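A short worksheet on the structure shown next.
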Amino acid sequence: MNPCRCGWYGDKEHPCECTPSEIKKYHQRISGPLLDRIDINVRISRVKYEELSSKSKAEPSAVIRKRVVAARAIQLKRLSPYHLFCNAQMNHALLQRFCILEPKAQSLLEQAFRNMHLSARSYDRIIKVARTIADLAGTENIEALHIAEAIQLRNDKDYEI
């Protein structure tokens, strides 16, 4: 969705034409329970011409694909006895079994839960995303940086007024 009615809220080069109350009203069009079911919320800013025409090379898709295939294989191996194939399908009992949070990760999640007033659904979903991030990194346990990234992907604070 756009960040506001005019579409320019948060743009560094073009001023937003909306008032704070209009932006808030625009965001309230989507219900909280629906937003709570969206695991990843990524803000994509406008791409500048210089970035599009640059000759610098980004990470090749083949390298990214290799990492994703490896993570999917980890998930399939872990979950196939339960007739599941990805982390998103895990229930709470499987989360407790396969999503071991390191102490710093547990502390960070607790702090975020208290400060951001997250729901029970958010708790499970953040852990599932963090488990996937850890799988992509090839780590057995979920570390604080995985939890931090999952929280950041879930809650785009740039849009809040």
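The values are calculated or read from the model by the stated rules, or taken from the named source; none is laboratory data. Keep in mind that what you see is a predicted model, and the values were worked out from it rather than measured. Note that we place each Cβ from the backbone using ideal geometry, even for glycine, and neighbour counts take in every protein chain shown.
Here are the numbers:
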item	result
Qualifying residue in the stretch 150-158 (condition: among the small types (Gly, Ala, Ser), part of a helix (DSSP H, G or I) and over 30 Å from Tyr9 (Cα atoms))	no
Within the stretch 88-102, considering residues that are within 18 Å of the chain's Cα centre (by Cα) and closer than 14 Å to Asn141 by Cβ, the one surrounded by the fewest Cβ atoms within 10 Å (Cβ to Cβ)	Leu95
Test result for Ala105, within 18 Å of Thr139 (Cα to Cα) and not β-branched (Val, Ile, Thr)	yes
Subset of the stretch 44-57 [aliphatic (A, V, I, L, M) and assigned to a helix (DSSP H, G or I)]	Leu52
Failed condition for Gln111, given (1) modelled with pLDDT under 95; (2) farther than 18 Å from Val68 by Cβ	(1)
Failed item in (1) touching a strand residue (DSSP E or B) at 6+ places or on another chain (Cβ under 8 Å); (2) hydrophobic (A, V, I, L, M, F, W, C); (3) without any contact (Cβ under 8 Å) to a residue 12 or more places away in the chain, with Leu84 passing the rest	(1)
Of all residues making up the stretch 118-142, the number that are in contact with a Lys or Arg (Cβ under 7 Å, 6 or more places away or on another chain) and either assigned to a loop (DSSP other than H, G, I, E, B) or over 17 Å from His92 (Cα atoms) (or both)	1
Given (1) surrounded by fewer than 17 Cβ atoms within 10 Å (Cβ to Cβ); (2) under 28 Å from Lys66 (Cα atoms), index of the condition Arg78 fails	(1)
